[in-house]
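Written below as C-alpha cells is the structure these notes are about.
Just so it is clear, none of the values below were taken in a lab; they were calculated from the coordinates. Worth saying up front: this structure is predicted, and the values here are computed from it rather than measured. Neighbour counts are summed over all protein chains in view; Cβ atoms, including those assigned to glycine, are modelled from backbone coordinates with ideal geometry.
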Amino acid sequence: MPAHQHLVIDLASTTLSPDERALLRDYHPKGICLFRRNLASIAQARDLTAELRQLCGDDLLISTDQEGGSVVRALFVPYSPGNMALGAVGDTGVTRATASITARGLKQLGINVNLAPVADVNNNPHNPVIGDRSFGSDPAAVARHVAAFVSGLQTEGIAATLKHFPGHGDTAVDSHHGLPEVDRSEAELEALELLAFRAGIDAGAACVMTFHGMLPQLDLQYPATLSHAVMTGLLRERLGFAGVIFSDALEMAAIAKTYSAASATVLALNAGVDLPNSNAHNRENSDGIRYHIQTFNALIQAEKDGQVDPAQLARSAERISQLARRFPARPAADVDPRDNNYLADNNYLADNNYLAEVSRQAVTTVTTGADLPRLTPERPVLLVAADNRVGGSASDVIDTPAKELVRKLEHHHFTVRPLFYQPAALSPAASSGANSPADVANIDIADISEYQLLFVSASRHRLSAAEGQLARQLAKHTYSAAHVALWNPYSCSEVGLAAVLSFGFGEAALEQIIAVLTGTPAAGRLPIRLH
C-alpha cells in the first residue's frame with residue numbers, strides 16, 4: 001500500500017462531485033471521515049458509503065465522530081447523551097448498552113469506524129474542548145466506562161477509537177486553536193491519563209486517535225501525534241497496542257501553525273501513525289480538492305525520495321487491511337435502503353426510548369449551602385442566558401439551547417420572560433466597574449422581585465467572571481434563583497447558585513430539568529470535581 005493511500009480525507013457535501021469521484025479513483029485513499037455536512041438521512045448516507053466503497057474498494061475505512069452529546073454527526077439515527085452524562089448515571093451496563101445502540105445506528109449507514117470513545121480524564125476544570133466529552137475526573141471510573149463503551153461498539157460490529165492519546169484532559173488550551181502541553185513523566189501518565197487507555201486496549205479497542213500536544217518529558221521536539229517516542233515507544237511498545245492509529249485532524253492549529261500538511265503527514269507516518277487525518281473542508285477559504293491533491297502528490301514524492309520508512313508503511317498497511325476485514329463497511333442487509341429511517345423497526349423506537357431514559361437519569365443537582373428552589377407556575381419565570389450560537393471545535397455550531405428551554409417551560413404552562421444578554425459586551429463593561437452587569441445586560445433589577453430566576457449556561461466554554469457576577473446580582477433581587485447548566489458543568493463554580501446539570505440539551509434532558517425544578521428528585525451523581 002503506497003504512502004498516499006494511508007491518508008484519511010474528508011468530503012464537501014452529501015453527494016460526491018465529479019472532481020471528488022476523480023480524486024477517489026485516482027488516489028484510492030483507505031480512509032474517509034464523514035461529518036454532519038455529509039450525512040442527511042439513512043438512504044442518502046447508505047448511497048454515499050456504497051459509492052465510496054465502489055470507488056475505493058471494500059477495504060475502505062469509513063469513520064465519523066459519533067461520540068454522543070455535543071459531538072454527533074448523524075442526527076437521524078439514535079444517538080446517545082455525552083460521556084459525562086453516562087458518567088453521571090454511573091452504570092457501566094448502561095454505558096455498554098448505549099454504545100451498542102450507537103453502533104447499530106452507524107451500521108445502518110455503512111460506517112465501520114466510530115472515532116469514540118473519548119478516553120481523556122477531564123481533571124482540569126478549565127479545559128476548553130474536552131469537558132462533557134469525558135466520562136469524568138476520576139481515572140478509575142473513566143477507565144471502567146471506556147472499556148464498557150468499547151465493548152458495546154465492537155460487539156455490534158463498529159470499530160472503537162480511544163482518543164486523544166495519551167490524554168487531552170489536563171489542558172487549558174484547545175488543540176484546534178493552539179498547542180497544549182501535558183508536563184508529566186511516564187510514571188505520572190501511568191497513574192492518571194493512561195489508566196483509561198490501558199482499559200480500552202485491554203477491552204480490545206481496534207483504534208486509537210492521537211493528541212496534538214506536547215509532552216516535554218517524553219519528547220522535547222515533537223507533539224505527540226508526530227512523536228516516535230509517544231506513538232511507537234509508549235503506545236506500541238509499552239502499552240502493547242497492535243491496532244490502527246489515526247491522527248487527529250492535521251489541519252488543527254496545534255499542528256498546522258508549525259508544519260505543512262505534507263511534512264506533518266510524513267512525520268506522523270514515521271512516528272507510527274497508520275492513518276493521518278486530513279480535513280481540508282474544515283479549513284476556512286480552502287479548496288478541499290486541490291488541498292487533498294497537493295497532499296497526495298507530496299506523499300507520493302516523499303515516498304520516492306525515501307522520506308517514509310518502508311517497513312513502517314508495510315506494518316501499517318497490514319494493520320489497516322486487518323481492521324477492514326474485521327469491521328466491513330457494509331450496512332445491515334435487512335433495512336430497506338430507500339427508507340430515510342427505520343422507524344418501522346421496533347429496535348429504533350426501543351433504542352430511542354432507552355437513550356431518552358439515560359438522559360433523564362443523568363440530570364444532577366448541585367447545591368451550595370441552599371436547597372434547589374422549587375419552580376411553581378404561580379409565579380413568572382425570568383430566564384436569563386447568553387444570546388449566542390454555541391459549539392465550535394469538535395462540535396457543530398447551533399443556536400443557544402436556552403431558547404428551546406423557554407419553549408419547553410411555556411409548554412408546561414409557565415409564564416416566561418426570556419432575557420438574552422451579549423456576553424462580549426458584558427465582560428469588559430462589568431470588569432471596568434463603570435456599570436453593573438445588570439445595567440450592561442439591560443435588566444432593571446427594580447422590576448424583577450416577583451420573578452423566579454433561572455440563570456441558564458449553555459456553552460462549551462465556562463462562563464466568564466462577569467456572567468457569574470450577573471447571576472449573583474440578579475439572584476439578590478428575585479423571589480428565588482437557580483442555575484441551569486445545559487452544557488459545561490464547571491460553570492457552576494462561576495455562578496455559585498444551587499444548580500441543575502444535564503450535561504447536554506436533548507429533548508429528554510430538557511424535560512427532566514423541568515421535572516427536577518418542579519420537585520422530582522435528580523438521579524444523577526456529579527462525576528467530576530468542580531474546582
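Pairing the Cα long axis of helix 507-517 with the longest principal axis of the chain, what angle in degrees results, from 0 to 90 and rounded to the nearest 10?
On a 0 to 90 degree scale, this one is about 30.
Please sort 268-277, 46-55 by packing, taking for each peptide the average over its residues of neighbouring beta carbons within 10 angstrom, highest first.
Working: 268-277: 26.7, 46-55: 18.7.
By packing density, highest mean first, the sequence is 268-277, 46-55.
By its C-alpha gyration tensor, with a ≥ b ≥ c as the square roots of the eigenvalues, how is the chain shaped: rounded for a/c under 1.5, else prolate for a/b larger than b/c, else oblate? Walk me through the numbers before you get to the answer.
Details: a/c = 1.90, a/b = 1.63, b/c = 1.17.
Prolate.
Find how much the distance from residue 350 to residue 398 grows on full extension, using 0.36 nm per residue of separation minus their present alpha carbon separation; answer in nm with one decimal. Working shown, then result.
On the way: separation 48, 0.36 × 48 = 17.28 nm, distance 2.73 nm.
Full extension of this stretch gives 14.5 nm more.
Charges at C-beta only: +1 for Lys and Arg, -1 for Asp and Glu. How large is the resulting dipole of the chain about its Cα centre, in Debye rounded to 20? Before the final figure, lay out each step's value.
Details: 42 positive and 56 negative charges, 88 e Å.
Magnitude of the dipole: close to 420 debye.
Looking at the stretch 446-531, which GluC sites (Glu not before Pro) are DSSP coil and have at most 11 other C-beta atoms within 10 Å of their C-beta? Walk me through the intermediate numbers first.
Working: sites: 450, 467, 494, 507, 511; in loops: 450.
Here the GluC sites (Glu not before Pro) that fit, given the DSSP loop and packing criteria, are 450.
Could I have the simple spin-label model distance between residue 36 and residue 442, label points 7 Å from Cα toward Cβ, reported in nm to one decimal?
Result: 2.8 nm between the two label points.
Sequence-distant or interchain residues sharing an amide H contact under 5 Å with residue 498, placed H: which?
Result for residue 498 returns 368, 483.
Nearest 10 degrees is fine. How inclined is helix 193-202 to the longest principal axis of the chain, computing both from alpha carbons?
60
Which stretch or stretches of the stretch 211-225 have amide N atoms under 14 Å from the point lying 7 Å from residue 253's Cα along the Cα→Cβ direction?
none
With 10 angstrom as the radius, rank 226, 517 by how many other C-beta atoms surround their C-beta, starting from the fewest.
On the way: 226 28, 517 24.
Ascending number of Cβ neighbours within 10 Å: 517, 226.
How would the stretch 10-326 be classified by its alpha-carbon gyration tensor: rounded, prolate or oblate, with rounded meaning a/c under 1.5 and the a/b versus b/c comparison settling the rest? It would help to have the intermediate numbers written out before the result.
Working: a/c = 1.56, a/b = 1.12, b/c = 1.40.
Since a/c reaches 1.5 but b/c is at least a/b, the shape of the stretch 10-326 is classed as oblate.
List the GluC sites (Glu not before Pro) within the stretch 256-327 that fall in a DSSP loop (any state other than H, G, I, E or B) and whose Cβ has at most 16 other Cβ atoms within 10 Å. Present the calculation step by step, with values, prior to reporting the outcome.
Values: sites: 284, 303, 318; in loops: 284.
Filter output for the stretch 256-327: 284.
Given 0.36 nm per residue, what is the gain on full extension from residue 177 to residue 449 after removing their alpha carbon distance, in nm? Please report the intermediate quantities before stating the final value.
Values: separation 272, 0.36 × 272 = 97.92 nm, distance 4.27 nm.
This chain segment gains 93.7 nm when fully extended.
Could the peptides 228-240, 166-178 be put in order, highest first, of the mean number of other beta-carbon atoms found within 10 Å of their residues? Walk me through the numbers on the way to the answer.
Details: 228-240: 19.2, 166-178: 22.1.
For the peptides 228-240, 166-178, the packing ranking is 166-178, 228-240.
Looking only at the stretch 363-517, where both bridge partners belong to it, what percent of the DSSP beta bridges are antiparallel (to the nearest 5)? Write down the numbers at each step before the final one.
Details: 6 of 26 bridges.
That works out to approximately 25 percent antiparallel.
Is there a pair in 163/408; 257/408; 107/304; 107/163; 257/304; 30/257 whose C-alpha atoms are over 32 Å apart, and which pairs would that be?
Values: 163/408 35 Å; 257/408 44 Å; 107/304 38 Å; 107/163 21 Å; 257/304 26 Å; 30/257 26 Å.
Table pairs above 32 Å Cα-Cα are 163/408; 257/408; 107/304.
Apply the a/c threshold of 1.5 to the C-alpha gyration tensor of the stretch 363-517 and tell me whether it is rounded, prolate or oblate. List each step's numbers first, then the result.
Details: a/c = 1.45, a/b = 1.07, b/c = 1.35.
Rounded shape, in that the Cα axes give a/c under 1.5.
Considering amide H positions built from the backbone, and no H for Pro or chain starts, which residues 5 or more places from residue 164, or on another chain, come under 5 Å of its amide H?
Those qualifying (amide H under 5 Å, at least 5 residues apart or on another chain) are 119, 120.
Mind ordering 401-411, 30-40, 148-158 by average Cβ neighbours within 10 Å, highest first?
Numbers: 401-411: 18.1, 30-40: 21.1, 148-158: 23.5.
Ranking, from highest mean packing down: 148-158, 30-40, 401-411.
What FRET efficiency would be calculated for the residue pair residue 422, residue 22, taking the C-beta separation as r and a Förster radius of 41 Å, to the nearest 0.05? Please list the in-between numbers first.
Details: r = 47 Å, r/R0 = 1.13.
Here the calculated transfer efficiency is 0.30.
Hey, can you grab everything whose amide H is under 5 Å from the amide H of residue 31? Only 5+ residues off in sequence or another chain; H modelled, so Pro and N-termini drop out.
Amide H neighbours of residue 31, under 5 Å, 5+ apart: 9, 61.
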